[in-house]
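A.B. asks: To start, I am sharing the structure in question, which I have written as structure tokens.
Taken together, the values in this text are just the output of simple stated rules run on the coordinates, not laboratory data. Note that this is a predicted model, so its numbers are computed, not measured. Neighbour counts run over all protein chains shown; Cβ positions are idealised from the backbone, glycine included.
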Amino acid sequence: ERTQVGIVGAGPAGLMLSHLLGRAGIESIVIDLRSRDEIEHTHRAGILEQGSVDLLVDRGVSDRVHRDGYRHNGIELAFGGSGHRIDFQGLAGASTQLYPQTDVFIDLANARERDGGDVRFAVTDVSVDGLTSDSPTIRFTDSNGAAHEIRADFLVGADGSRSLCRHQVPEAECTQYFREYPFAWFGILTEAPPSAPELIYNHSPYGFALISQRTSKLQRMYFQCDPGENVDDWSDDRIWDQLQTRLGANGYTLKEGPITSKTVLPFRSFVQEPMHHGRMALAGDAAHTVPPTGAKGLNLALADVRVLAEELERAVRSHDAAPLATYTQRAVARVWKSQHFSYWMTTMLHTLPDASPFDTRRQEGELASVTGSVAGSTYLAEAYTGWPGSK
Ligand code: DHB
């Protein structure tokens with residue numbers, strides 16, 4: 001088989017890229033090790049920047065994000081005994097949209113099906129080869145057990161944080177940047193009404209907690225925990241006790257309900273540069289990971305493929321790999337701004353295991369500097385909503 005662009009990974013990055021290429025008249029084949037059902041049922045983050053919403057709507061994926069999503073014009077930063085609102089509209093003239101990544105995936109998968117896109121889920125034995133040749137190759141076995149070899153003009157690794165494609169780049173050809181954090185998030189879904197109109201990022205002497213939402217009847221919440229924490233050790237009572245204690249420190253009381261999902265999410269910062277090698281480009285988590293505080297992961301992946309689609313169109317039409325270097329150049333600036341923002345939100349709000357009372361009071365001073373200043377809170381508002389006006 002032949003195609004113009006072979007894409008490994010059918011998450012939001014891979015599917016959005018395939019969709020954008022399709023609109024430009026470029027054919028692609030997308031494969032994924034996971035089944036469609038498996039991807040649909042993996043809970044991920046829920047906040048879209050305005051630019052991500054626009055990409056879904058303006059490029060004809062779906063307008064369900066407007067109908068089923070919820071617009072948020074700000075967030076609460078809670079610390080030192082009370083909440084402090086960051087007014088995104090007033091400070092940055094922008095908003096975010098609460099719309100889960102699983103719904104973004106469903107919209108993209110439906111749009112690919114509607115437009116005749118070629119997406120193959122639940123494949124096995126994936127390998128990529130010939131990245132620096134004129135005709136890189138993907139091999140895999142499909143869900144019926146048939147072996148395939150796809151020759152492409154270009155390949156894209158959009159295959160997530162444990163990317164197989166990334167591992168094909170020789171060590172001498174790239175630089176990897178890492179940072180680890182000594183904590184994780186315990187994430188829950190609970191069948192309860194919202195506890196507040198907007199998201200609460202809650203700093204406390206007992207550790208960080210984030211109160212997010214899904215619908216009027218289902219809420220998403222997270223609290224900082226040890227990375228080695230086992231969900232089986234956490235009864236609903238123990239979870240609510242932690243959440244109420246942390247939020248109570250700032251004067252909030254949470255509305256409780258049955259907890260229907262419990263997971264521990266790892267924290268890591270990672271970037272691999274350049275974001276291309278030969279005739280392969282990396283996009284989304286395959287090229288970089290951010291810690292979840294600030295919900296940049298999905299937004300950054302969509303920003304990558306918006307640029308990558310343009311550069312791949314040039315590359316395919318000119319039979320030349322040079323536009324992939326331009327892709328790295330254009331995408332990497334936003335990657336490092338997002339890396340900084342996610343790191344900054346994380347370190348400002350979380351408690352280190354060996355934190356002293358000085359450290360906690362200093363963080364409160366930092367949070368007061370941000371919320372008490374138009375300049376400080378404008379930085380947060382602009383970064384959180386996705387640097388409005390940036391391309
Ligand atoms: C959600 C996740 C985040 O990491 C965040 O910063 C905000 C919201 C969420 O899942 O709703």
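A.B. asks: From the backbone phi of the stretch 282-290, what are the Karplus-calculated ³J(HN,Hα) couplings (6.51 cos²θ - 1.76 cosθ + 1.60, θ = phi - 60°) in whole Hz, Gly and Pro given as x?
C.D. replies: These are the phi-based 3J(HN,Hα) values: 10, 9, x, 4, 5, 9, 6, 10, 10 Hz.
A.B. asks: Okay, next question. What does the charge dipole of the stretch 241-391 about its Cα centre add up to, to the nearest 20 debye, if the Cβ of each Lys and Arg holds +1 and the Cβ of each Asp and Glu holds -1?
C.D. replies: That gives the stretch 241-391 a dipole magnitude of about 220 debye.
A.B. asks: As a test, work out the antiparallel percent of DSSP beta bridges whose residues both lie in the chain, rounded to the nearest 5.
C.D. replies: Of those bridges, close to 70 percent are antiparallel.
A.B. asks: Still on this structure, I have one more. Fully extended, how many nm does the chain gain between R268 and R67 (0.36 nm per residue separation, minus their Cα-Cα distance)?
C.D. replies: This chain segment gains 69.0 nm when fully extended.
A.B. asks: Quick check: convex hull of the Cα atoms in the stretch 253-390, volume per residue, rounded to a whole Å³?
C.D. replies: Dividing the Cα hull volume of the stretch 253-390 by its residues yields 169 Å³.
A.B. asks: Same structure again: Once phi is turned into ³J(HN,Hα) by the Karplus curve 6.51 cos²θ - 1.76 cosθ + 1.60 with θ = phi - 60°, what whole-Hz value does each residue of the stretch 58-69 show in order, with x for glycine and proline?
C.D. replies: 5, 8, x, 6, 5, 10, 4, 4, 6, 6, 9, x
A.B. asks: Still on this structure: About the Cα centre, and with charges only on the beta carbon of Lys, Arg (+1) and Asp, Glu (-1), how big is the dipole of the stretch 301-385? Nearest 20 debye, please.
C.D. replies: 160
A.B. asks: Mind ordering 379-389, 33-43 by average Cβ neighbours within 10 Å, highest first?
C.D. replies: Packing proxy ranking, top to bottom: 379-389, 33-43.
A.B. asks: Ok, one more. Counting pairs of alpha carbon atoms under 8 Å apart in space and at least six apart in sequence, what relative contact order in percent does the stretch 210-332 give?
C.D. replies: 17
A.B. asks: Considering the dipole of the chain built from charges on the beta carbon (Lys and Arg +1, Asp and Glu -1) around the Cα centre, which of H19, G228, G386 is farthest to its positive end?
C.D. replies: G386
A.B. asks: I'd like the FRET efficiency for K255 and A333, computed as 1/(1 + (r/R0)^6) with the beta carbon distance as r and R0 of 56 Å, rounded to 0.05.
C.D. replies: For R0 = 56 Å, the calculated efficiency reads 0.85.
A.B. asks: What whole-number distance in Å separates the alpha-carbon centres of the stretch 296-364 and the stretch 182-236?
C.D. replies: Cα centroid to Cα centroid, the span is 24 Å.
A.B. asks: Here's another thing I want to ask about it. At 4 °C and 1.567 mPa s, grab the translational diffusion coefficient of the stretch 13-158 from Stokes-Einstein with a Kirkwood Rh over Cα pairs, rounded to a whole number in µm² per second.
C.D. replies: 73
A.B. asks: Right, another one. Which is farthest toward the positive dipole end of the chain among G9, Q272, T360, measuring Cα position about the Cα centre, with Cβ charges +1 (Lys, Arg) and -1 (Asp, Glu)?
C.D. replies: Towards the positive end, the residue furthest out is T360.
A.B. asks: Determine the dipole magnitude for the chain: charges of +1 sit on the beta-carbon of Lys and Arg, -1 on that of Asp and Glu, nothing else is charged, the reference point is the Cα centre, and the result goes in debye to the nearest 20.
C.D. replies: Using Cβ point charges on Lys, Arg, Asp and Glu, the chain gives about 720 debye.
A.B. asks: How big, on average over all directions, is the shadow cast by the Cα convex hull of the stretch 1-98, in nm²?
C.D. replies: Computed as one quarter of the Cα hull surface, the answer is 9.1 nm².
A.B. asks: Positive end of the dipole of the stretch 1-128, charges at C-beta (+1 Lys, Arg; -1 Asp, Glu), about the Cα centre: which of S62, H72, I39 has its Cα farthest in that direction?
C.D. replies: Of the candidates, H72 comes out farthest on the positive side.
A.B. asks: Let me ask another. Taking the Cα atoms of the stretch 30-86, report the difference between the largest and smallest coordinate on each principal axis, in whole Å and largest first.
C.D. replies: Taking the Cα atoms of the stretch 30-86, the three principal extents are 49, 27, 17 Å.
A.B. asks: Here is a follow-up. Kindly provide the Kirkwood hydrodynamic radius of the chain in Å, to one decimal, from all pairs of distinct alpha carbon atoms.
C.D. replies: Here the Kirkwood hydrodynamic radius works out to 21.7 Å.
A.B. asks: I would also like to ask the following. Could you give the nm distance between label points at R179 and F358, where each point is 7 Å from its Cα heading toward the beta carbon?
C.D. replies: 2.1
A.B. asks: How many angstrom lie between the Cα centre of the stretch 84-112 and the Cα centre of the stretch 14-73?
C.D. replies: Result: 11 Å between the Cα centres.
A.B. asks: Through the Karplus equation 6.51 cos²θ - 1.76 cosθ + 1.60, θ set to phi - 60°, convert the phi angles of the stretch 160-177 into ³J(HN,Hα) values in whole Hz; use x for Gly and Pro.
C.D. replies: Using θ = phi - 60°, the values come out as x, 5, 9, 2, 6, 5, 4, 6, 7, 7, x, 3, 5, 9, 8, 10, 10, 10 Hz.
A.B. asks: Sticking with this structure for a sec: Hey, what number do you get for the chain at 222 nm if only DSSP H runs of n ≥ 4 count, each worth -39500 (n - 2.57), divided across all residues, to the nearest 500?
C.D. replies: Theoretical 222 nm ellipticity from helices: -11500 deg cm²/dmol.
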